[in-house]
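Undergrad: Just passing along the structure, written as structure tokens.
Bear in mind these aren't lab numbers, they're just calculated from the coordinates by the rules spelled out. All of these numbers come straight from a predicted model, not from anything done at the bench. Here the Cβ positions follow ideal geometry from the backbone for every residue, glycine too, while neighbour counts run over all protein chains shown.
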């Protein structure tokens, strides 16, 4: 019997991490890291690892074999955090994991951000110059540099906004999805005509699995395969989750779009409406 490859997964309890864990668990031996010691189940493949607690790093150093490291955990910085607030968690911890990958001759897959190319860029493709608009993006870039200079095998995924069931509200469409499910009317902003190509969380998880399966390396942009106006996304969301609702839209000026070119090395993703239908089916399970 062929032994399953061993994956160390950080951020397994997060929004994307839960989907990745679900996608990989059948085919791989997944070791999850948890930052709360009290929540670790000794009967499961879980170890203690807190990005900000150097003592917790010993748990990873004790592991005998790792084939892949999928690093999703990070300290989020959308609330005015300084670079120094996130440096240990986002930069130094990533450097540590890159060294671990090197010691195990393992491949590291790192979740970075498409917004490294600029939060106000209308079109983002592999040739778009980097524009580190905030300290959070700076930490992501520094983490990337540690990986690329560590002489390990790697795949860095610069990911667009991720949406799905119970998604974080800092992405407006997740807030809209949550409101529609609760049968609440949406809080509409002014940027309804701008286009986006966010990626569905379950598609993102499948793509990460595919990176392992097809041994994809390098730096790749990951986004939805098609774009929609924000207004159209709101309409479709309510058609699926709250069809009896009647949404009134005020006239809004056209605001900037942001379209991220999905890497041609990665498989295409589902349309926004098909993603919503999948969410509805999962909600009813």
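Undergrad: For helix 93-104, report the angle its Cα long axis makes with the longest principal axis of the Cα atoms of the chain; keep it between 0 and 90° and round to the nearest 10°.
TA: 50 degrees
Undergrad: Here is a follow-up. Evaluate the Kirkwood expression for the hydrodynamic radius of the stretch 6-159, namely the inverse of the mean inverse distance over all pairs of different C-alpha atoms, and round to one decimal in Å.
TA: Values: mean 1/r = 0.0624 Å⁻¹.
The Cα-based Kirkwood calculation yields 16.0 Å.
Undergrad: Quick one: among 250, 133, 50, which has the greatest mean-square fluctuation in a GNM of the chain with alpha-carbon springs under 10 angstrom?
TA: Comparing 250, 133, 50 in the GNM, the peak value goes to 250.
Undergrad: Right, something else. Report, in whole Å, the centroid distance computed from the Cα atoms of the stretch 29-98 and the stretch 208-254.
TA: 29 Å
Undergrad: Give me the extension gain from residue 283 to residue 3: residue separation times 0.36 nm, minus the current Cα-Cα distance, reported in nm with one decimal. Could the numbers behind the result be given before it?
TA: Values: separation 280, 0.36 × 280 = 100.80 nm, distance 3.40 nm.
Full extension of this stretch gives 97.4 nm more.
Undergrad: Could you check what % of the DSSP bridge pairs in the chain are antiparallel, to the nearest 5? Please list the in-between numbers first.
TA: On the way: 2 of 34 bridges.
Here the share of antiparallel DSSP bridges comes out near 5 percent.
Undergrad: Another question about this same structure. Evaluate 2.2 N^0.38 Å with N set to the residue count of the stretch 101-195, then give the Cα radius of gyration divided by it.
TA: Details: Rg = 17.1 Å, N = 95, 2.2 N^0.38 = 12.4 Å.
Relative to the 2.2 N^0.38 Å estimate, the stretch 101-195 comes out at 1.38.
Undergrad: Still on this structure: In whole Å, what three semi-axes, largest first, describe the equivalent ellipsoid of the chain built from its Cα gyration tensor (square root of 5 times each eigenvalue)?
TA: Values: eigenvalues 216, 93, 64 Å².
Over the Cα atoms of the chain, the semi-axes work out to 33, 22, 18 Å.
Undergrad: Go ahead and set up a Gaussian network model of the chain, Cα springs under 10 Å, then flag whichever of 59, 131, 263 fluctuates most.
TA: 59
Undergrad: With axes computed from alpha carbons, what is the tilt in degrees of helix 272-284 against the longest principal axis of the chain, rounded to the nearest 10 within 0 to 90?
TA: Roughly 70 degrees between the two axes.
Undergrad: As I understand it, the value is the acute angle between the Cα axis of helix 172-181 and the longest principal axis of the Cα atoms of the chain; what does it come to in degrees, rounded to 10?
TA: Between the helix axis and the principal axis of the chain, the angle is about 70 degrees.
Undergrad: Using a cut-off of under 19 Å, list every residue of the stretch 68-83 whose amide N is near the label point 7 Å from the Cα of residue 217 along the Cα-to-beta-carbon line.
TA: 68-71
Undergrad: Once you put a point 7 Å from the Cα of residue 79 and another 7 Å from the Cα of residue 169, both along the Cβ direction, what distance in nm separates them?
TA: About 1.2 nm, to one decimal.
Undergrad: Test of understanding: in a Gaussian network model of the chain with alpha carbons linked when under 10 Å, which of 262, 104, 71 would top the mean-square fluctuation ranking?
TA: Evaluated over the chain, the most mobile residue of the options is 104.
Undergrad: Let me ask something additional. Rounded to the nearest 500, what is the 222 nm mean residue ellipticity of the chain from helices alone, with -39500 (n - 2.57) per DSSP H run of 4+ residues and division by all residues?
TA: Working: 9 runs with 92 residues, N = 285.
For the chain, the value works out to -9500 deg cm²/dmol.
Undergrad: Ok, one more. Where in the stretch 70-107 is the amide nitrogen less than 19 Å from a point lying 7 Å along the Cα-to-Cβ axis of residue 58?
TA: Counting backbone N atoms under 19 Å from the label point, the list is 93, 96-97, 100.
Undergrad: State the extension gain, in nm to one decimal, for the chain segment bounded by residue 151 and residue 183, taking 0.36 nm per residue of separation less the distance between their alpha-carbons.
TA: Values: separation 32, 0.36 × 32 = 11.52 nm, distance 5.09 nm.
Difference between extended and current length: 6.4 nm.
Undergrad: Next up: Give, in nm to one decimal, the length gained when the segment between residue 42 and residue 18 is fully stretched (0.36 nm per residue of separation minus the Cα-Cα distance). If you can, show how the numbers build up before the last one.
TA: Values: separation 24, 0.36 × 24 = 8.64 nm, distance 1.89 nm.
Here the segment from residue 42 to residue 18 would lengthen by 6.8 nm.
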